[in-house]
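Step one of this worksheet: look at the structure below.
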Amino acid sequence: MSFIIPKGILAIALSVFVASASSLTHDLYAQQSADKIISVIGRNRIILQSELEVQAAQAEMQDPNFDKDDKCMLLQQMILQKMLMEQADRDSVNVTDEDVEGQLDNRLRYFTSLYGSKEKLEQVSGKTIYQLKEEYRDVIKDQMLAEKVQNQILENTKITPAEVDAFYKKIPVDSLPFFPATVEVGQIVVDPPVSQEMDDYAHQTIEGYRKDIIEGKRSFETVAGLYSEDPGSRDNGGRYDGITRNGGWAPEFLAAAFKLQNGEISPIVKTKFGYHIIQMISRRGDEADLRHILIKPTVTSSDFNKATAKLDSIRKLLVSGRMTFQEAVGKFSTDEAAKRTGGMINDPSTGNTDLDITKLDPVMVLLLDTLQNGGFSAPHIFVNEQREKSCRIVYMRSRTTPHKANLKEDYGRIQEVALAQKKQNKIQSWVTAKVPTFYLWITPEYRKCDNMKDWVTEIEKP
């Protein structure tokens, strides 16, 4: 029996909140055809034709080559999720209301940022945030239960070097993938220090804005739109919705924000980003909608010169071998996230340090062309992920040329695929053992799917 697992066994549930679109598609489908049950799992878990069509439509938007076989695979994934939920009932597996609420908040934050604002999300979905939460709370809970059972099944699944080697040797030579050039690179970032004079000037500037707002000369929203240096909220009058205490905000910012009552304006708050004033719009327990104004101290050319001079001294330590790259990152880097990776740059989609050179920034590619393996660039100014100028030196750990997959250069990638295959086989074994213990009915139309034939009990087979 074929059993192919896409990225994450429960991948079908990840688009829940794009469900403004999903709900509309579901409604249109139901209006245009007689909806029907296409599968029953356990005592009362069903899958409707319209639910499959919605998932297929979304998959087709992402992949124009989506075909009938993919639709069979999609239904298999939906049935598997129901099986895992049924097993959660049998094993009394549970998730807390707090965990479900947290997951709902995370999804809402993502789609709010995707659409630009809470109002836009509500407009597109045709539902309020409260309605979206109520509609999808059970869906999210079911998904979390299924994932929890899945994680229990796959717990402690590891792979040995011998297994990786055996997996690689089974791949026909003409089936080995062709990999583009990759690099492993790191960086030591030193933000330019701000002079006391510029720091004082930024403080005085935002103090003046706060005074105008308190005295009613100008509205908070107007000042934010005209002067705030936060590009993420400036065009929205400084507004952010759905801020939570455990969000990825500066701790000083969150501490000040959640002390405020509705309509109240904070004192000046200093964070690593600059100076803020915050206005509470509305607060619901540990969630808040607010506005803020950010003023950053100006960094001068003299400040950049100091940072590059410091990096030049660090580079001499590295080149002479008196300090390792990882030691220098830990001691000197002002990028806290980089310290957790030893300064190495990861692919955000995989977490791997092997980076496809064709996907790197052209400026970085040109820089890497001048470096040998183990080499360090000269200090230079660059634009970071926050679109601000900073200073760095770049370290070239290794480089590969375009090539067919091999264990020497691509062990990490092959290991990842081999582990995924091992997990897939473990889930397959679980399914094989559990299918006879579940009531499972599939409509005759989908029993023809190759990957579904062994899933139907003998009494249900045509």
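The values are calculated or read from the model by the stated rules, or taken from the named source; none is laboratory data. Owing to the predicted nature of the structure, the values given are computational and were not obtained by experimental measurement. Glycine gets a Cβ as well: all are built from the backbone with ideal geometry, and neighbour counts include every protein chain shown.
The set of residues in region 230-251 being assigned to a loop (DSSP other than H, G, I, E, B), touching a strand residue (DSSP E or B) at 6+ places or on another chain (Cβ under 9 Å) and surrounded by fewer than 17 Cβ atoms within 10 Å (Cβ to Cβ) consists of G232, R245, A250.
Residue count for region 366-396, restricted to those that are under 24 Å from F178 (Cβ atoms) and either in contact with a helix residue (DSSP H, G or I) (Cβ under 6 Å, 6 or more places away or on another chain) or crowded, with 17+ Cβ neighbours inside 10 Å (or both): 2. Taking region 270-308 as the range and being in contact (Cβ under 8 Å) with a residue 40 or more places away in the chain and assigned to a helix (DSSP H, G or I) as the test, the residues that pass are S302, D303, F304, K306, A307, T308. The set of residues in region 428-454 being modelled with pLDDT of 85 or more and part of a loop (DSSP other than H, G, I, E, B) consists of F438, Y439, T443. Annotation for region 387-402: no member residue is acidic (D, E), closer than 28 Å to G232 by Cα, in contact with a Ser or Thr (Cβ under 9 Å, 6 or more places away or on another chain) and not assigned by TED's automatic domain parsing to the domain that holds M83. Once region 252-285 is narrowed to residues that are loosely packed, with under 14 Cβ neighbours inside 10 Å and within 26 Å of the chain's Cα centre (by Cα), the residue that is farthest from R109 (Cα to Cα) is K272. Out of region 88-114, which residues are of a type in the set (F, W, Y) and crowded, with 16+ Cβ neighbours inside 10 Å? Of everything in region 88-114, just one residue is of a type in the set (F, W, Y) and crowded, with 16+ Cβ neighbours inside 10 Å, namely F111. When you look at D27, is it surrounded by fewer than 19 Cβ atoms within 10 Å (Cβ to Cβ), under 24 Å from D450 (Cα atoms), at pLDDT below 90 and not small (G, A, S), yes or no? The answer is no for D27. Screening region 195-223 for residues that are among the aliphatic types (A, V, I, L, M) and more than 16 Å from F273 (Cα to Cα) and picking the one that is surrounded by the most Cβ atoms within 10 Å (Cβ to Cβ) gives V223. Scanning region 344-395 for residues that are outside any strand (DSSP E or B) and charged (D, E, K, R) gives D347, D354, K359, D361, D369, E385, R387, E388. When T324 is tested against (1) farther than 30 Å from Y209 by Cα; (2) among the β-branched types (V, I, T); (3) touching a residue at least 24 places away in the same chain (Cβ under 8 Å); (4) out of contact with any helix residue (DSSP H, G or I) (no Cβ under 6 Å at 6 or more places or on another chain), only condition (3) is not met. Please work out if Q123 is without any contact (Cβ under 8 Å) to a residue 60 or more places away in the chain and within 30 Å of Y240 (Cα to Cα). Yes, satisfied.
Counting only helices (runs of 4 or more DSSP H) that sit completely within region 123-227, those holding 3 or more residues that are under 26 Å from W430 (Cα atoms) correspond to 129-154, 161-169.
Let's see how each residue does on (1) without any contact (Cβ under 8 Å) to a residue 24 or more places away in the chain; (2) under 30 Å from R239 (Cα atoms); (3) hydrophobic (A, V, I, L, M, F, W, C):
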{"position": "D97", "(1), (2), (3)": "yes, yes, no"}
{"position": "V100", "(1), (2), (3)": "no, yes, yes"}
{"position": "Y130", "(1), (2), (3)": "yes, yes, no"}
{"position": "Q150", "(1), (2), (3)": "no, no, no"}
{"position": "T157", "(1), (2), (3)": "no, no, no"}
